[in-house]
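Okay, here's the structure, questions in a sec.
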């Protein structure tokens, strides 16, 4: 299966701390994406990293990709209470349709 | 970026009835996707809807249970038919605007079946 698997399932931190979430997958990919979901509503695309890229930044977000280990990580620096949400990785293979993992539930305490 | 209006946002339905979910996009898109998210689970793709052709269903999903319409490039509906409590989920429509590989999502429909 192309499905990514996030780790940890849940993460609880204090405001100002960094949050790191990991995603592992099993087959080759074209790209890997991270999404955010607030309170079970629609997902919002955060960042896309292609298979030939190793690291990307967007604001307080940093994504790394290690294709040899078939894993990716999402780092949120200087977290805020408003970052509280579920974060999903989605892997894109030959079908070009993202396949989602179960997500990491992040709680940032003010 | 595409703006997607999905409705209803939530509904509580009786067993055996059907519910139609609508998804309206503010731009023309080729592919629209319908996902299901069961409580605490990942998003599972139900089907891909292309304008002018039959929807393509993923393994485990059939047209009789989840009929989809795609009358034009900005609109689609998903019907959940003959509902049972196991159909209680969040249903999400999404689009891949311009083939840039990232998905835009509607706000979801929270369905509870009693």
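Taken together, the values in this text are just the output of simple stated rules run on the coordinates, not laboratory data. Predicted model, so just to flag it, every value in this text is computed and none were measured. Ideal geometry is used to build each Cβ from the backbone, glycine not excepted, and the neighbour counts take in all protein chains shown.
Just the Cα atoms of the range A:5-109: what Rg and Dmax do they give in Å?
Computed over the Cα atoms of the range A:5-109, radius of gyration and Dmax are 12.9, 40 Å.
In the protein assembly as shown, how does Rg compare with the Kirkwood Rh, expressed as the Rg/Rh ratio over alpha carbon atoms? If you can, show how the numbers build up before the last one.
Working: Rg = 17.5 Å, Rh = 18.0 Å.
Reported Rg/Rh (Cα atoms, Kirkwood Rh): 0.97.
Now, a different point. Along the three principal axes, how long is the range B:58-97 when you take its alpha carbons, biggest first, rounded to the nearest angstrom?
Here the spans come out as 32, 19, 18 Å, largest first.
At R0 = 22 Å, how high is the FRET efficiency between residue A:55 and residue A:27 if r is their beta carbon distance? Nearest 0.05 is fine. Walk me through the numbers on the way to the answer.
Numbers: r = 22 Å, r/R0 = 0.99.
After rounding, the FRET efficiency stands at 0.50.
Give the separation of the Cα centroids, the range B:53-114 to the range B:19-35, in Å.
That distance is 8 Å.
Would you kindly calculate the translational diffusion coefficient of the range A:61-110, applying Stokes-Einstein with the Kirkwood radius from alpha carbon pairs, for 25 °C and a viscosity of 0.890 mPa s, and quote it in µm² s⁻¹ without decimals?
Values: Rh = 12.6 Å.
This corresponds to a translational diffusion coefficient of 195 µm²/s.
If every alpha-carbon in chain B counts as one equal scatterer, what log10 I(q)/I(0) does Debye give at q = 0.14, 0.21 1/Å?
Rounded to two decimals, the profile gives -0.51, -1.15.
In whole angstrom, how far apart do the alpha carbon centroids of the range A:11-31 and the range A:35-110 sit?
6
Moving to a separate point now. Of the residues A:72, A:28, A:58, which exhibits the maximal mean-square fluctuation in a Gaussian network model of chain A defined by a 10 Å Cα contact cut-off?
A:58
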